Number of protein chains: 2
Amino acid sequence: MVMGELVFVGMGLHDERDLSIKGIEEIKSSDKVFVELYTSLMAGLNLNSLERICGKELHKLSRRDLEDYGGEIVLKAASSGKAALLVPGDPMIATTHVDLRIRAERKGIKTRIVHAPSILSAVIGLSGLQSYKFGRCVTIPFPEKRVLSETPYRVIADNKMLGLHTLCLLDIIVEEELYMTVNEGLKYLMEIEKRKKEGILSGCSLAVGVARAGSAEPVVKADIIERLIDFDFGPPPHSLVIPGKLHFVEAEALVALAKAPEEVLRKEHG
Amino acid sequence: MVMGELVFVGMGLHDERDLSIKGIEEIKSSDKVFVELYTSLMAGLNLNSLERICGKELHKLSRRDLEDYGGEIVLKAASSGKAALLVPGDPMIATTHVDLRIRAERKGIKTRIVHAPSILSAVIGLSGLQSYKFGRCVTIPFPEKRVLSETPYRVIADNKMLGLHTLCLLDIIVEEELYMTVNEGLKYLMEIEKRKKEGILSGCSLAVGVARAGSAEPVVKADIIERLIDFDFGPPPHSLVIPGKLHFVEAEALVALAKAPEEVLRKEHG
């Protein structure tokens with residue numbers, strides 16, 4: 001009979017100081033502690049400092065450990081004792097974590113989640129836009145063999161049809177230090193628009209870029225795509241919001257909190 | 001010239017141990033610390049214990065302080081020094097916080113957000129369903145003068161048409177200790193279905209109830225509405241998910257993580 005347990009501890013957005021008291025307690029009482037850092041970029045994270053805070057040695061896992069080998073090393077540790085897996089953001093937003101949790105539960109390992117800040121709510125909050133007006137979110141992936149995915153464009157089109165905003169997460173490939181910028185994301189979207197010609201996006205469409213959510217100095221900037229595509233957001237990670245129909249309070253929020261030029265909002269809203 | 005600053009510190013989902021290291025640091029360095037507890041229910045929160053952790057006296061604000069008086073007491077404190085406002089969940093998901101932030105920025109007060117776990121990502125994570133398959137979220141409000149809002153039903157219908165899941169937050173009125181249960185939420189939805197007859201929901205439709213997200217013992221249960229409507233989820237807060245089209249991994253997740261009866265998923269998915 002399996003007596004172990006596996007706790008997924010969210011680390012939040014930016015650095016080790018995003019850990020909650022609860023998260024630290026769970027780590028301290030674990031027999032073995034793993035950490036994965038490839039599903040999101042935590043730009044300020046210092047592993048040594050994280051180890052000091054937790055008072056534990058951390059075993060860093062690669063994508064291969066979790067995806068190709070199915071997290072066997074974690075499941076083994078969690079079969080006979082208490083294991084913790086530290087993950088960026090709020091756990092279970094990445095499918096890999098859900099897969100591992102299902103495998104653990106099927107082996108009779110008890111699982112638990114310690115929640116943490118997620119990019120999903122952080123970007124919504126930073127943009128000043130209203131959470132219940134966001135439609136489905138989407139990731140803009142890097143082109144594969146120069147082929148651009150049309151999915152983000154489709155999702156934006158579906159959402160816009162309903163007047164809804166779209167949160168676009170931007171692809172990262174941590175192993176190759178590739179982090180998509182707001183500028184690249186917009187460029188890819190405009191390339192699809194050029195091909196599909198559905199008039200979903202134009203140079204005059206409004207967009208909101210968010211950089212380094214959760215850090216002490218996030219950048220949030222709203223403007224028309226034509227200008228935003230050249231705006232310097234600084235280091236990664238970046239995210240992008242394509243607004244749908246704006247409520248006037250949202251238009252005010254974009255001016256006050258996202259430095260949107262007022263004349264753009266007047267045009268967009270009125 | 002205003003030299004002050006206002007930091008919105010998210011407290012997360014359940015109790016004071018959801019606070020992050022960053023949040024505690026920001027509170028400790030504040031001149032005045034406010035807390036509002038009416039936008040969400042943090043069922044395990046102990047204000048005395050929170051004060052001990054933060055080493056600060058907390059000034060509790062009512063809905064009236066923030067909404068009728070526009071948070072003047074907070075803005076005053078933030079004009080001349082550093083003020084912190086502690087809020088449940090991730091800040092800025094409630095419109096009240098966005099309003100206050102806009103007012104502060106317009107007065108020249110610098111604002112910052114310390115992110116925290118949000119019910120938005122927590123329920124997605126606990127359900128095992130995939131984040132990018134959720135459409136717009138909605139709140140099911142208590143009936144006003146016996147009139148039920150049709151909005152949640154419309155949102156579910158729009159999302160289902162696109163194959164998407166709907167996260168339904170359930171209304172709370174903290175001042176009256178009214179916390180909508182999953183059972184009530186489902187009852188209201190079924191009443192609208194009965195009136196509209198659009199076939200969006202039936203007793204055989206799948207739903208997922210989540211209770212006490214963020215606590216040590218959350219309850220997550222998926223089943224057909226007919227049975228879920230009588231399921232005892234225990235104390236509040238509760239949330240509800242109405243799934244759209246399920247990917248087979250999501251169906252597996254509902255069985256493994258949300259105790260869905262396998263035959264329901266076979267029917268739903270196959």
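The values are calculated or read from the model by the stated rules, or taken from the named source; none is laboratory data. On a predicted model such as this, the values are computed, not experimentally measured, just so you know. Heads up, the Cβs are rebuilt from the backbone with ideal geometry, glycines too, and the neighbour counts pull from every protein chain shown.
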Need pairs with beta-carbon distance below 6 Å; first residue more than 12 Å from every other protein chain (Cβ to nearest Cβ) and closer than 28 Å to B:Lys267 by Cα and within region B:211-226, second buried (at least 19 other Cβ atoms within 10 Å of the Cβ) and among the polar types (S, T, N, Q); sequence gap 6+ or separate chains.
B:Ile225/B:Ser205
Of the criteria (1) at pLDDT 95 or above; (2) in a helix (DSSP H, G or I), which one A:Glu67 fails:
(1)
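Looking at A:Val155, A:Val138, which is the one that is surrounded by 14 or more Cβ atoms within 10 Å (Cβ to Cβ), of a type in the set (A, V, I, L, M), within 20 Å of A:Ser202 (Cβ to Cβ) and free of Cβ contacts under 8 Å to residues at least 24 places away in the same chain?
A:Val155
Looking only at region A:89-123, which residues are more than 7 Å from chain B (Cβ to nearest Cβ) and in a helix (DSSP H, G or I)?
A:Thr96, A:His97, A:Asp99, A:Leu100, A:Arg103, A:Ala104, A:Ile119, A:Val123
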Can you spot a residue in region B:71-87 that is crowded, with 19+ Cβ neighbours inside 10 Å, β-branched (Val, Ile, Thr), in a strand (DSSP E or B) and in contact with a strand residue (DSSP E or B) (Cβ under 9 Å, 6 or more places away or on another chain)?
yes
Identify, please: which residue in region B:124-166 is among the small types (Gly, Ala, Ser), assigned to a helix (DSSP H, G or I) and under 28 Å from A:Pro117 (Cα atoms) and is, among those, nearest to the other protein chains (Cβ to nearest Cβ)?
B:Gly125
Could you go through region B:35-46 and let me know if any residue there is more than 14 Å from every other protein chain (Cβ to nearest Cβ), over 30 Å from B:Arg136 (Cβ atoms) and of a type in the set (Asp, Glu).
no
When region A:171-191 is examined, which residues are found to be surrounded by fewer than 23 Cβ atoms within 10 Å (Cβ to Cβ) and among the aliphatic types (A, V, I, L, M)?
A:Ile172, A:Ile173, A:Val174, A:Leu178, A:Met190
With the requirement that a residue be more than 13 Å from chain B (Cβ to nearest Cβ), more than 24 Å from B:Ala260 (Cβ to Cβ) and hydrophobic (A, V, I, L, M, F, W, C), what does region A:55-88 give you?
A:Leu58, A:Leu61, A:Leu66, A:Ile73, A:Val74, A:Ala77, A:Ala83, A:Ala84, A:Leu85, A:Leu86
